[in-house]
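Here the structure comes first, spelled out in structure tokens, and everything after it is commentary.
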Amino acid sequence: MRADTLGRWARAEWGALCLAARRTLAERRWRAVPMTLGAVCLTGVVQFVQNRSWGYQLVQNLGGVRAEDPLWLALLRTPLSLFVPALDLPVWGALAQILLVFGIAELCLGWWRTLVIAYVATLAGTLYARVGIALGPGHPIGLPASDAHVVDTGPSAAVVGLAVFLGWRYGAYVTAGVVIAAMVVEVVLEDNLAGKEHLAAIAAIAAVLLLCALVAVRQRRSRARGGSTSGAPPIQS
């Protein structure tokens, strides 16, 4: 692929996303991403605490989610679980994911939309684990009973959900497709809890996108009816 062709493709794929992020960053600089900076700091503090002999159980009690836990307790712990790095993965990976994906999402969507989408994706993964264990390993989307004891924390499901949402919102459809394909490949190759929870996160975001599309269609029809009955010509942008 020639450099100019690659450049045109990159602008078509990521141009709108980069423009939205750059505009907000230019206007507000570091003040544009307070939630992301806070999330990075919180994740770093949680990592420090859980690696202390006195802090591990404290972190687990506040943010460690397992499918064997009572549902009310898992729901209570889920918000903090986003910022509890997985013990078997390097913490810099979680920090990089939050800084990059949460940061871009906050620049483009605002902090509260970013948090809502991240929570919906994480909650989808948390709830899926219970469904998958109930279905059992013989089901295509089932999980073995042993996964009920696995600690389920980290921002990965939220990162996947945000990446897919941003891809849809700003027309980066190839990028969103690559993320989804990567999750499918992960499930096929490893067939683990994390991979299937990522797919559950994508399913949750797909549901959110469908709801957004329905709302947009309803608003468009309402504006069209309002314009047709007002007797005034529509305003041209």
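General observations
- Relative contact order, percent, the range 96-146 [alpha-carbon distance under 8 Å, six or more residues apart]: 17
- Nearest-0.05 FRET efficiency for L87 and A181, computed from C-beta distance (R0 30 Å): 0.60
- log10 of Debye I(q)/I(0), alpha-carbon scatterers only, for the range 24-120 at 0.26 Å⁻¹: -1.33
- Cα coordinate range in the range 79-159, projected on the principal axes (Å, largest first): 43, 25, 20
- FRET efficiency, 1/(1 + (r/R0)^6) with R0 25 Å, evaluated for L100 and L58 via beta carbons: 0.30
- Distribution of pairwise C-alpha distances over the range 3-215, 10 Å bins, in %: 8, 32, 35, 19, 5, 0
- Taking a point 7 Å from the Cα of A16 along the Cα-to-Cβ direction, the residues of the range 156-176 with backbone N closer than 12 Å to it are 166-174.
- Full extension of the chain between V174 and A216 gives 12.8 nm of extra length, using 0.36 nm per residue less the Cα-Cα distance.
- Each of R31 and V131 was given a label point 7 Å from its Cα along the Cα-to-Cβ line. The distance between the two points is 4.3 nm.
- Per-residue HN-Hα couplings for the range 140-145 [Karplus 6.51, -1.76, 1.60; θ = phi - 60°; Hz; x = Gly/Pro]: x, 10, x, 9, x, 4
- Per-q log10 I(q)/I(0), the range 20-62, q = 0.20, 0.26 Å⁻¹ (Debye; single scatterer per alpha-carbon; no solvent): -0.64, -0.83
- Here Y128, Y119, Y173 are placed in order of increasing Cβ neighbour count within 10 Å, fewest first, which gives Y173, Y119, Y128.
- Mean separation of Cα pairs under 8 Å and 6 or more residues apart, divided by the residue count, gives the range 1-123 a relative contact order of 32 percent.
Read-outs throughout are calculated quantities, based only on the coordinates presented, and are distinct from any laboratory measurement. These figures come from a predicted structure and were not determined experimentally. When we count neighbours, we look across all protein chains shown, and the Cβ atoms used for this are built from the backbone with ideal geometry, even at glycine.
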